[in-house]
Amino acid sequence: MEFRQTMGSAAFNGVLNLPPTLRNRLVEIVVMPAGEPKTTRKFDFLADKIPPLPDSFFDPLPEEELQAWGL
């Protein structure tokens, strides 16, 4: 749903704080619904190309590896 209306900027006094360059001019206000659910991207097409991580992936790194990274 979209609603567009072109009006003189004086109609928005006290409602919007327009910058000086838009005062006393025709302005277009676009009203769109707020709070619509955002879509999330799914990467299912990669599921068969990327092997699952082994449980050992989340194990702490060995001390010599941490030292090599300066940690």
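The values are calculated or read from the model by the stated rules, or taken from the named source; none is laboratory data. Values in this document were obtained by computation on a predicted structure and should not be read as measured data. In this analysis, Cβ positions are derived from the backbone assuming ideal geometry, glycine residues included, and neighbour counts consider all displayed protein chains.
Numbers at a glance
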read-out: Selection count where residues are part of a loop (DSSP other than H, G, I, E, B), loosely packed, with under 10 Cβ neighbours inside 10 Å and modelled with pLDDT under 80, scope segment 2-44; value: 16
read-out: Among (1) in contact with a strand residue (DSSP E or B) (Cβ under 9 Å, 6 or more places away or on another chain); (2) modelled with pLDDT under 75, the one test that A47 misses; value: (1)
